[in-house]
1. Taking 0.36 nm per intervening residue step and subtracting the Cα-Cα distance, what contour gain separates Y34 from K102 on full extension?
2. Scan the stretch 91-138 for trypsin sites (Lys or Arg not before Pro) in coil per DSSP, keeping those whose Cβ has at most 12 other Cβ atoms within 10 Å, and list them by number.
3. Angle check, please: helix 125-135 long axis (alpha carbons) against the longest principal axis of the chain (alpha carbons), in degrees 0 to 90, nearest 10.
4. With each pseudo-label sitting 7 Å past Cα toward Cβ, what's the E23-A68 distance in nm, one decimal?
5. Solvent-accessible area per residue for the chain at a 1.4 Å probe radius, Å²?
6. For the stretch 10-139, count all C-alpha to C-alpha pairs, find those more than 26 Å apart, and express that count as a whole percent of the total.
7. For all pairs of alpha-carbon atoms in the stretch 83-126, what percent lies in each bin of width 10 Å, listed from the first bin to the last filled one?
8. Taking all protein chains as present, what is the carbon and sulfur share of the accessible area of the chain, in % to the nearest whole number, probe 1.4 Å?
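The values are calculated or read from the model by the stated rules, or taken from the named source; none is laboratory data. What you see is a predicted model, and the numbers here were worked out from it, not measured in a lab. Quick reminder, even Gly has a Cβ in these numbers, built from the backbone with ideal geometry, and neighbours come from all protein chains shown. What goes into the accessible areas is simple: the full protein's heavy atoms, side chains included, and nothing from ligands, DNA or RNA. Shrake-Rupley method; radii C 1.70, N 1.55, O 1.52, S 1.80 Å.
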Amino acid sequence: MRYWLFKSEPSDWSWDDQVAKGEAGEEWDGVRNYQARNFMREMAVGDRGFFYHSQTEKAVVGLVEVIAEAHPDSTTDDDRWECVDIKALRPVARPVTLAEIKDEPRLADMVLVNNSRLSVQPVTEDEWRIVCKMAGVEP
């Protein structure tokens, strides 16, 4: 199993929107960055991810699971763009902010710390465990 972080502006797609989709989940569509698309191509069903609210909140707010591997993004006819489907698993007990992540020395190499603009990014197993602990959830 691999771990990821999915960033979304809550005004466009929030944790509550994701939760409302239930077991059916939703496409993580609209990504127009080659690196983020390539990360989605690496994902497998069952991989886990952090759901991260960007903009004003800048915090991990929930845990998600990949439920469909990379496929054409339904929001475009351009076959260069693909996406995965994810479903909400559970909210975190306590949101973990970007500032808290940056203050944790063990997370200094986390992609979020060094490239906070990338909308889909990998998370190492150690980073996953540390952030889950900070968030008050089982990894």
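1. On the way: separation 68, 0.36 × 68 = 24.48 nm, distance 2.54 nm.
Once the chain is fully extended between Y34 and K102, it gains 21.9 nm.
2. Values: sites: K102, R106, R117, R129, K133; in loops: R117.
Qualifying residues, ordered by number: R117.
3. The two axes meet at around 70 degrees.
4. 1.6 nm
5. Numbers: 7130 Å² over 139 residues.
Result: 51 Å² of accessible area for each residue.
6. Working: 1409 of 8385 pairs.
Cα-Cα pairs of the stretch 10-139 separated by over 26 Å account for 17 percent.
7. 22, 50, 27, 1
8. Exposed carbon and sulfur together represent 45 percent of the surface.
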